[in-house]
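Input: a single structure, listed below in structure tokens.
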Amino acid sequence: MSDRNDAVGALLDKQEIHELLTRYLRAVDRGDVEGVRACYLPGATEDHGGVFTGTADDYVTSVSAVVSHPRSRTMHCMTNVLVELSPNDPDLAQAESYVTTFSAVRTPDGQLGHCFVGARIIDRLERRDGRWGIAHRALVWDWSHDAPATETWLFGMLIGDPADLTRSGKYPNDPVYTTLNGAGE
């Protein structure tokens, strides 16, 4: 029965890690700076693909104003998540995640642009005090596509006024936070 218990424990560890990685991306998109910070372990490091290298705490501080800005719009979609538990240490793991990101940005000439980026994130994870967290994160860029911004919502085929659409919000006003707390039900 020990092999089955070990297998169930491994599945639970992998699920906890997957949820950690998902919480990280949600926190980035919702501008929940402390939620982003909570995904890293104390002393964690970040290598953001040549854009930033240093402590995770300094990285989060460096992006906090951008991700929490009320008009910041990003969507990180995580796929192909492979979590590998260390065969030698039950408190170590590595995860590779593919991430496709959409960002609305101001171009250098002040125009609105849309950026689509494909990247992979390789995380070294550790379990400390009973919880998994990111000990080191390395991002590698795979591709990028920039496009002029358009806001036609399905080529203008949406019925009704696009101003009436329920839109995403930033922490703590996005529906995901109010629904979790019992409001909005």
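Readers should treat all values here as calculations from the given coordinates under stated rules, not as data from a laboratory. Everything quoted here is computed from the prediction, not taken from an experiment. Cβ atoms come from the backbone with ideal geometry, glycine included; neighbour counts cover every protein chain shown.
Can you give the net charge of the other residues whose Cβ lies under 11 Å from the Cβ of PRO172, counting K and R as +1 and D and E as -1? Show your work: numbers first, answer last.
Details: positive: ARG30, LYS170; negative: ASP32, GLU34, ASP174.
Net of charged neighbours comes to -1.
Given H placed 1.01 Å from N in the peptide plane, which residues other than close sequence neighbours of GLY49 have an amide H under 5 Å from its amide H?
The answer is LEU139.
So what J values fall out for the stretch 133-143 if you push phi through Karplus, 6.51 cos²θ - 1.76 cosθ + 1.60 with θ = phi - 60°, rounded to Hz, Gly and Pro as x?
Those phi angles translate into x, 7, 9, 8, 10, 10, 9, 10, 7, 10, 7 Hz.
Residue by residue, what Karplus-based ³J(HN,Hα) values in Hz, rounded to whole numbers, does the stretch 28-42 have, using 6.51, -1.76 and 1.60 with θ = phi - 60° and x for Gly and Pro?
Result, rounded to whole Hz: 4, 5, 8, x, 8, 4, 5, x, 5, 4, 5, 6, 8, 7, x.
Determine, from the Cβ-Cβ distance of LEU112 and LEU12 and an R0 of 41 Å, the FRET efficiency 1/(1 + (r/R0)^6), rounded to the nearest 0.05. Let's see the in-between values first.
Details: r = 44 Å, r/R0 = 1.07.
The pair LEU112/LEU12 has a calculated efficiency of 0.40.
Tally Lys and Arg at +1 and Asp and Glu at -1 over the other residues with C-beta under 14 Å from the C-beta of TRP132: what net charge comes out? Write down the numbers at each step before the final one.
On the way: positive: LYS14, ARG23, ARG124, ARG127, ARG128, ARG131, ARG137; negative: ASP13, GLU16, GLU19, GLU84, ASP89, ASP91, ASP123, GLU126, ASP129.
Cβ neighbours under 14 Å give a net charge of -2.
What list of ³J(HN,Hα) values in whole Hz, one per residue of the stretch 44-60 in order, does the Karplus curve 6.51 cos²θ - 1.76 cosθ + 1.60 (θ = phi - 60°) give from phi, with Gly and Pro shown as x?
Going residue by residue, I get 5, 10, 9, 10, 8, x, x, 8, 8, 9, x, 6, 4, 4, 5, 4, 4 Hz, with x marking Gly and Pro.
Arrange the following residues from fewest to most other Cβ atoms within 10 Å of their Cβ: ILE134, ILE122. Write out the running numbers ahead of the final one.
On the way: ILE134 22, ILE122 15.
The most exposed by this proxy come first: ILE122, ILE134.
Any chance you could tell me what percent of the C-alpha pair distances in the stretch 26-167 go past 28 Å? All intermediate terms of the calculation are to be shown ahead of the outcome.
Numbers: 2768 of 10011 pairs.
More than 28 Å apart: 28 percent of the Cα pairs in the stretch 26-167.
Arranged from highest to lowest average of other beta-carbon atoms within 10 Å per residue, in what order do the peptides 127-133, 141-147 appear?
On the way: 127-133: 13.7, 141-147: 10.7.
The most tightly packed comes first, giving 127-133, 141-147.
Please list the non-local residues whose amide H lies under 5 Å from the amide H of ASP32, H modeled 1.01 Å from N, same-chain partners needing a gap of 5 or more.
TYR171
All other residues with a Cβ under 13 Å from the Cβ of PRO70 taken together, and with Lys, Arg as +1 and Asp, Glu as -1, what is their net charge?
On the way: positive: ARG30, ARG71, ARG73, ARG167, LYS170; negative: ASP174.
My count for the surroundings of PRO70 gives +4.
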